[in-house]
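Student: The structure follows.
The values are calculated or read from the model by the stated rules, or taken from the named source; none is laboratory data. As the structure is a computational prediction, the values presented were derived from the model and not from experiment. Cβ coordinates were reconstructed from backbone atoms using ideal geometry, including for glycine residues, and neighbour counts include every protein chain displayed.
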Amino acid sequence: MAARFLWASRAASHLRISVAQRGFASVVLKDLKYADSHEWVKIDGNKATFGITDHAQDHLGDVVYVELPDLGRSVSQGESFGAVESVKATSDINSPVSGKVVEVNEVLTESPGLVNTSPYEEGWIIKVELSDAGEVEKLMDSDKYSKFCEEEDAKH
Amino acid sequence: MVGFKNRFMLMEVYLDPDKDLLGEGTPVILTKLNLSEAIKDSILVNFGECGLASCLGSFHVAYVNPVTKLCIVRSSRDEHRRVWSAMTLVRSVGNCPVVFNLLDISGCIRACRDAALKCETDKFNQSGKGLSEEEIREMNRKMRTPRTLEVWKLGTVNYLKSLKLQDKLVSERKANRIPDTLLSLQHPPTYTLGKRRTDHNLLIPEAELKSIGAELHYTQRGGDITFHGPHQAILYPILSLRSIGFGARSYVEALERSMIEFSSLYGVKARAGNKCETGVWVGDRKIGAIGVRISSGITCHGLAFNIDPDMKYFEHIVPCGIADKEVTSLRRETDAQLPSEEVIHEQLVTCLAKVFSYDDVVVKEDPSAILNTLEDDD
């Protein structure tokens with residue numbers, strides 16, 4: 001049923017009948033996983049890279065400071081491991097998966113603004129070694145996350 | 001800026017209008033799922049797959065009350081007439097014949113919600129006696145609970161104690177054991193630093209602070225160095241950002257608006273800061289400061305508004321890390337007669353409650369008792 005609707009959406013847009021294109025919606029990348037506290041994860045074997053999503057950086061405002069954890073520190077799913085500061089507000093960043101921190105993006109200390117301009121690429125925050133690959137199942141895929149953002153934004 | 005236009009339609013659903021079905025009780029329980037399926041089927045039948053696909057993006061049943069039979073349906077503005085027609089043409093939900101009737105249509109969920117509440121209250125008042133106990137309970141549960149702000153008037157509180165209290169309240173709010181809470185207080189002379197620990201902006205050595213009667217504290221809030229002291233009104237909102245639908249930036253902007261609104265009560269034209277100068281300014285002079293921490297979506301710390309503090313204390317710091325900009329106070333900016341500080345605090349609280357659209361403001365009884373138990377916890 002869903003596939004049929006997808007086909008119909010594409011047909012509608014091809015025939016230039018109005019399709020609900022939410023032009024201002026935030027960017028959501030297809031091959032990443034998402035947590036409901038607005039962090040994204042890229043899984044690469046048993047290594048995971050994460051950062052905050054476009055939706056998150058948009059709601060935060062200009063990031064002026066990123067607090068990075070120490071190397072070797074362990075993080076657990078749903079727990080805070082660092083923070084970003086923007087417009088006089090520090091917001092905790094929660095870890096989408098559990099593991100050990102193996103790399104942090106030192107560039108963010110000099111250029112915290114990368115989190116805003118390139119949240120999925122240069123604005124990555126830390127890389128961890130996964131301790132439990134099963135946890136990834138609990139995260140949302142890109143479609144679910146897009147819908148989640150829409151629901152949140154529709155609240156007011 | 002509104003990039004995407006929606007229409008929210010408030011519909012009433014008449015079940016079994018021709019009394020075709022025999023039997024007592026409600027023939028079908030309306031849920032978001034069965035209503036949504038019925039409407040989508042109707043769009044498919046009447047407008048084809050292409051029609052359905054073009055509506056599907058924004059179509060969403062936002063609210064359903066099975067007791068009062070009201071529902072709110074969202075659609076994009078471009079497609080709403082199609083969705084509306086389809087709803088009018090819905091013949092049945094499940095096995096039960098139905099008729100949809102449009103009551104209201106608006107561009108924002110808020111107006112629709114208010115209309116829905118009014119309808120439901122009228123219905124409830126009319127047939128209150130006719131509803132069973134269970135239905136009344138169900139309706140009270142479904143009817144949106146008004147948003148309440150609980151205010152704690154705390155007088156002068158030591159800074160560390162207020163941090164402990166906030167930590168406790170943040171966990172309580174996160175676990176949903178307390179409603180949105182607002183602490184209204186003052187501090188004894190205290191300098192505080194934010195997460196970035198910008199202590200280079202403290203111009204006197206730490207050792208000298210005691211001699212001028214002040215303390216220094218490092219905190220996890222955003223922002224630079226600031227001073228808190230008597231005759232400065234402080235508000236610490238402990239709110240769930242998710243339930244009010246704000247992000248960090250919109251929250252801070254709302255705090256700024258609260259202080260601007262409050263200043264206008266005294267004829268003081270305040271404005272929000274420019275980029276990187278968050279806070280509330282009168283001309284080039286800062287009258288209100290903001291420093292916030294958000295942890296798992298719950299806010300703590302907040303704002304500080306200068307009523308008539310001892311300005312000499314500000315000379316020992318580069319306030320908020322912004323050099324060569326003055327600090328000012330309400331006393332300095334207006335010749336108006338200032339009422340008692342208690343009244344001023346209440347006015348500031350009211351402005352914040354208004355900006356954040358709270359329906360109810362409740363003052364907590366005897367909050368100082370909680371402060372005393374915190375001391376015992378040590």
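Student: Does B:T299 satisfy the criteria of being in contact with a helix residue (DSSP H, G or I) (Cβ under 8 Å, 6 or more places away or on another chain), of a type in the set (S, T, Y), in a loop (DSSP other than H, G, I, E, B) and within 14 Å of another protein chain (Cβ to nearest Cβ)?
Tutor: Answer is no for this residue.
Student: Would you be able to tell me the number of residues in the range B:322-378 that are small (G, A, S), in a helix (DSSP H, G or I) and closer than 27 Å to B:Y251 by Cα?
Tutor: Residues in the range B:322-378 being small (G, A, S), in a helix (DSSP H, G or I) and closer than 27 Å to B:Y251 by Cα: 1 in total.
Student: Does B:V67 count as more than 14 Å from every other protein chain (Cβ to nearest Cβ), modelled with pLDDT under 85, in contact with a helix residue (DSSP H, G or I) (Cβ under 8 Å, 6 or more places away or on another chain) and surrounded by 17 or more Cβ atoms within 10 Å (Cβ to Cβ)?
Tutor: Taking the combined requirement at face value, the residue satisfies it.
Student: Take the conditions over 26 Å from B:I298 (Cβ atoms), touching a strand residue (DSSP E or B) at 6+ places or on another chain (Cβ under 7 Å) and basic (K, R) and apply them to B:R271. Does it pass?
Tutor: When the stated conditions are applied, B:R271 passes them.
Student: If you go through the range A:123-156, how many residues are away from chain B (no Cβ under 14 Å), of a type outside the set (F, W, Y) and either surrounded by 15 or more Cβ atoms within 10 Å (Cβ to Cβ) or in contact (Cβ under 8 Å) with a residue 12 or more places away in the chain (or both)?
Tutor: Number satisfying all stated conditions: 18.
Student: Across the range B:70-102, which residue is nearest to the other protein chains (Cβ to nearest Cβ) among those that are polar (S, T, N, Q) and touching a residue at least 24 places away in the same chain (Cβ under 8 Å)?
Tutor: Restricting to residues being polar (S, T, N, Q) and touching a residue at least 24 places away in the same chain (Cβ under 8 Å), the top hit is B:S76.
Student: Return the residue satisfying two criteria in turn: it lies in the range A:104-122 and is surrounded by fewer than 14 Cβ atoms within 10 Å (Cβ to Cβ) and charged (D, E, K, R), and of such residues it is farthest from the chain's Cα centre (by Cα).
Tutor: A:E110
Student: Take A:P69 and decide whether it is in a loop (DSSP other than H, G, I, E, B) and surrounded by 23 or more Cβ atoms within 10 Å (Cβ to Cβ).
Tutor: no
Student: Right, next: B:K19 - would you say it is surrounded by fewer than 19 Cβ atoms within 10 Å (Cβ to Cβ), at pLDDT below 85 and over 26 Å from B:D122 (Cα atoms)?
Tutor: Considered against the rule, which asks whether it is surrounded by fewer than 19 Cβ atoms within 10 Å (Cβ to Cβ), at pLDDT below 85 and over 26 Å from B:D122 (Cα atoms), B:K19 comes out as no.
Student: Out of (1) within 13 Å of B:A304 (Cα to Cα); (2) under 22 Å from the mean Cα position of the chain (by Cα); (3) crowded, with 22+ Cβ neighbours inside 10 Å, what's the single condition that is false for B:F227?
Tutor: Only one criterion is unmet by B:F227, namely (2).
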